[in-house]
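Please read the structure below before turning to the comments.
The values are calculated or read from the model by the stated rules, or taken from the named source; none is laboratory data. Note that this is a predicted model, so its numbers are computed, not measured. For neighbour counting, all protein chains shown are included, and Cβ atoms are generated from backbone atoms with ideal geometry for every residue, glycine included.
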Amino acid sequence: MAQDPLILSAQPAGIQKAAALLAQGALVAFPTETVYGLGADARNGRAVAAIFEAKGRPSFNPLIVHVPNVEAAKALCIWSDAAEGLAMHFWPGPLSMVLPLRADHGLSSLVTAGLPTVALRVPAHPAAQALLQRFAGPVAAPSANPSGRISPTTAAHVQEDLGSKVAAIIDDGPCPVGLESTIVGLDGVPRLLRPGGVPAEDIQAALGADLLASEDGIVSAPGQLLSHYAPRAAVRLNAAQKTPDEVFLGFGDIACDLNLSPSADLKEAAANLFEYLHRLDRTGRPIAVAPVPARGLGTAINDRLRRAAAPR
Ligand code: AMP
Ligand code: MG
């Protein structure tokens, strides 16, 4: 039977317990200045898959990775003068920056949805800061609500909405901003990807340059980003076997080149999905994919596979 979540305080004992749970791959909800986040170790693919499972998201969108300071951010991305300028003005705070990944980033490819970039944020909330410092690793954290429901700004909202799907909730009262973070893309010309807690005018002033609007304008519809990762190769779905020139991405008890989960575990399959697509794509051959059941996380896996297979 699933257990009720532990309700932890933001005092050192509670923070220590929450950090230990994250290290074990468990989900921990915690307050930030924007909304309560649903946190997992961003390096642990199964833990990240559990975020999507708990939220019941019908598709995989890249998640924002939370770090305690600029130094920890620099360990994950290719830093730039623009990033330095915005970090000086707005970090810690409700600003997320999308930057190119470093080669040795160590993040699960599910966190970035297979993209070569990562969204990073240093939150200001004292409980979030304490947790990130104690955990001493990157924490993926979208809002702690089921997909399609409103974002939680109290621990009680999280408990009502996610209940036993989280191991613990750090309760430190209502969130002060209650609005999501502003997301700025810095992997090219600076672009506003999502309006939020920091006004776009302030960002523009800090950059001393224009901030372009998002190219597709629908970034609030997660998973719809035109820039989402798609393999170069042709992808054929629901294949029983491969043809001689194809490479075969399997699921369950099946002979194949790479198996998303030999034991047909959807969480394991989600954790491997982007990395395995990348690996098979590098062979330069068309990719056949075995059927993946469309239940639980399988819905999001199939959504992503359909996008990968769509004509371009
Ligand atoms: P949240 O649900 O608050 O974690 O916000 C996630 C949103 O951040 C996604 O839906 C994207 O719009 C945006 N995002 C995260 N990572 C990236 C990325 N690497 N490139 C572009 N947008 C990103
Ligand atoms: Mg949300």
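Residues checked against (1) over 19 Å from residue 147 (Cα atoms); (2) within 15 Å of the chain's Cα centre (by Cα); (3) aromatic (Phe, Trp, Tyr):
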| site | (1), (2), (3) |
| --- | --- |
| 3 | yes, no, no |
| 14 | yes, no, no |
| 23 | yes, no, no |
| 78 | yes, no, no |
| 86 | yes, no, no |
| 91 | yes, no, yes |
| 111 | no, yes, no |
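Annotation: of all residues in the stretch 152-171 being in contact with a helix residue (DSSP H, G or I) (Cβ under 6 Å, 6 or more places away or on another chain) and not aliphatic (A, V, I, L, M), the one that is farthest from residue 37 (Cα to Cα) is 165.
Residue check: residue 150 meets all listed conditions (1) surrounded by fewer than 22 Cβ atoms within 10 Å (Cβ to Cβ); (2) more than 16 Å from ligand 2 (Cβ to nearest atom) but one, namely (2).
Applying the criterion of being touching a helix residue (DSSP H, G or I) at 6+ places or on another chain (Cβ under 9 Å) and small (Gly, Ala, Ser) to the residues of the stretch 198-209, the residue that is nearest to residue 63 (Cα to Cα) is 206. Among the residues of the stretch 157-183, which ones are crowded, with 20+ Cβ neighbours inside 10 Å, of a type in the set (A, V, I, L, M, F, W, C) and under 19 Å from residue 122 (Cβ atoms)? Within the stretch 157-183, 170, 175, 183 meet the criteria. Quick check, is residue 226 part of a strand (DSSP E or B), within 14 Å of ligand 1 (Cβ to nearest atom), closer than 30 Å to residue 279 by Cβ and at pLDDT below 95? For residue 226, the condition - part of a strand (DSSP E or B), within 14 Å of ligand 1 (Cβ to nearest atom), closer than 30 Å to residue 279 by Cβ and at pLDDT below 95 - is not met.
All of (1) buried (at least 24 other Cβ atoms within 10 Å of the Cβ); (2) not in a helix (DSSP H, G or I) hold for residue 22 with one exception: (2).
Would you tally the residues in the stretch 114-162 being part of a loop (DSSP other than H, G, I, E, B), closer than 24 Å to residue 13 by Cβ and touching a Leu at 6+ places or on another chain (Cβ under 8 Å)?
Initially, the stretch 114-162 is screened for residues part of a loop (DSSP other than H, G, I, E, B), giving 114-116, 122-125, 136-138, 141-142, 144-154.
Add one more test, that the residue is closer than 24 Å to residue 13 by Cβ, and what stays is 123-125, 136-138, 141, 144, 152, 154.
Subsequent filtering for residues that are touching a Leu at 6+ places or on another chain (Cβ under 8 Å) retains 123, 137-138, 141, 144.
Qualifying residue count for the region: 5.
Being of a type outside the set (Ser, Thr, Tyr), assigned to a loop (DSSP other than H, G, I, E, B), more than 23 Å from residue 156 (Cα to Cα) and touching a Gly at 6+ places or on another chain (Cβ under 7 Å) is a condition met by at least one residue of the stretch 60-71.
Taken together, 206, 233 contain a single residue that is outside any loop (DSSP other than H, G, I, E, B), modelled with pLDDT of 85 or more and more than 16 Å from ligand 2 (Cβ to nearest atom), which is 206.
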